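A quick write-up on the structure given underneath.
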Amino acid sequence: MKRLVIPLIFGVVGCAVLVSLGVWQLQRLAWKEGLLAEIEARISDAPVDLPETLDVEQDRYLPVRVAGRTLGREIDVLVSTKEQGAGFRVISTFETEVGRLIMVDEGYVRQTEKDAARPPVEMVVTGNVHWPDEVDGFTPEPDLGAEIWFARDVPAMAAHLETEPVLVIARTITGADARATPLPVTTEGIPNSHLGYAVQWFGLALVWAGMTAFFVWRMQRRRQA
């Protein structure tokens with residue numbers, strides 16, 4: 001039995017560690033689901049007037065209503081939807097009624113509609129303030145000549161369009177004919193893989209337990225031979 005003590009301790013400790021990691025991922029899953037529920041509730045809350053000052057963290061997803069007009073200058077961000085395929089998000093320079101210059105994500109247009117005329121127009125936009133985290137080390141530099149961007153980078157877009165670093169992603173647009181199909185903010189793009197990780201850790205715990213049992217069985221067989 002002394003020869004089996006170390007393998008058994010190693011097996012039990014290993015299983016305990018793997019199970020604890022699985023439990024931790026389940027706890028993270030509960031936390032993430034609660035966070036997503038809070039974000040969903042915030043997204044769909046009653047819109048307010050655009051605050052004078054905004055905080056990137058505290059005001060993320062803030063529902064707002066802004067009235068004003070576009071100024072005829074835009075950025076087109078490459079995007080793809082399941083329903084319509086590849087196209088562009090139209091990010092327009094927008095002057096509010098009180099004279100603030102911000103950006104409005106009007107929504108999706110087809111590739112063939114990218115260069116369609118979109119002159120200045122008055123509109124009322126209901127949507128959410130957001131700072132999308134879409135840029136990584138593999139994101140190409142924007143084609144400034146064609147006004148084509150490959151991700152929404154709020155500070156960089158604002159500097160290019162000479163606006164405040166504020167982006168309102170439209171949910172509805174009234175007061176003007178639809179120039180794009182709104183792509184509202186949702187929680188769909190927020191990753192939540194904790195259940196999959198938990199299953200992996202519990203699966204590894206089962207494998208570890210099985211390997212330990214097999215190893216102990218082999219040692220017993222050799223001892224009896």
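Descriptive notes on the structure:
- Net dipole in debye of region 62-174 [+1 Lys, Arg Cβ; -1 Asp, Glu Cβ; about Cα centre; nearest 20]: 400 debye
- Cα gyration tensor shape for region 31-146, rounded if a/c is under 1.5, else prolate or oblate: oblate
- Distance between the pseudo-spin-label points of Thr139 and Phe10 (7 Å out from Cα toward the beta carbon): 4.7 nm.
- Multiplying the residue separation of Ala41 and Val17 by 0.36 nm and removing their Cα-Cα distance gives an extension gain of 5.0 nm.
- In this simple spin-label model, placing a label point 7 Å from the Cα along the Cα-to-Cβ direction at both Thr186 and Val216 gives a separation of 5.0 nm.
- Loop-exposed GluC sites (Glu not before Pro) per DSSP, neighbour cap 16 Cβ within 10 angstrom, longest uninterrupted part of the chain: 1-51
- In this structure, the amide hydrogen of Val166, modeled 1.01 Å from its nitrogen in the peptide plane, lies closer than 5 angstrom to those of Met103, counting only residues at least 5 positions away or on a different chain.
- In nm, spacing of pseudo-spin labels at Asp49 and Val124 (7 Å Cα→C-beta vector): 1.4 nm
- Cα gyration tensor, region 180-224 - rounded (a/c under 1.5), prolate or oblate: prolate
- Theoretical FRET efficiency, 1/(1+(r/R0)^6), r = Cβ-Cβ of Ala86 and Asp177, R0 25 Å, to 0.05: 0.55
- Average silhouette area of region 7-99, convex hull of alpha-carbon atoms, in square nanometres: 11.1 nm²
- Structure remark: mean-square fluctuation, Gaussian network model of the chain, C-alpha springs under 10 Å; the largest value among Arg171, Arg100, Arg89 belongs to Arg100.
- Where only alpha carbons of the chain are counted, the Rg and the Dmax (Å): 26.5, 91
Bear in mind these aren't lab numbers, they're just calculated from the coordinates by the rules spelled out. As the structure is a computational prediction, the values presented were derived from the model and not from experiment. Every residue, glycine as well, gets a Cβ built from its backbone with ideal geometry; the counts of neighbours run over all protein chains shown.
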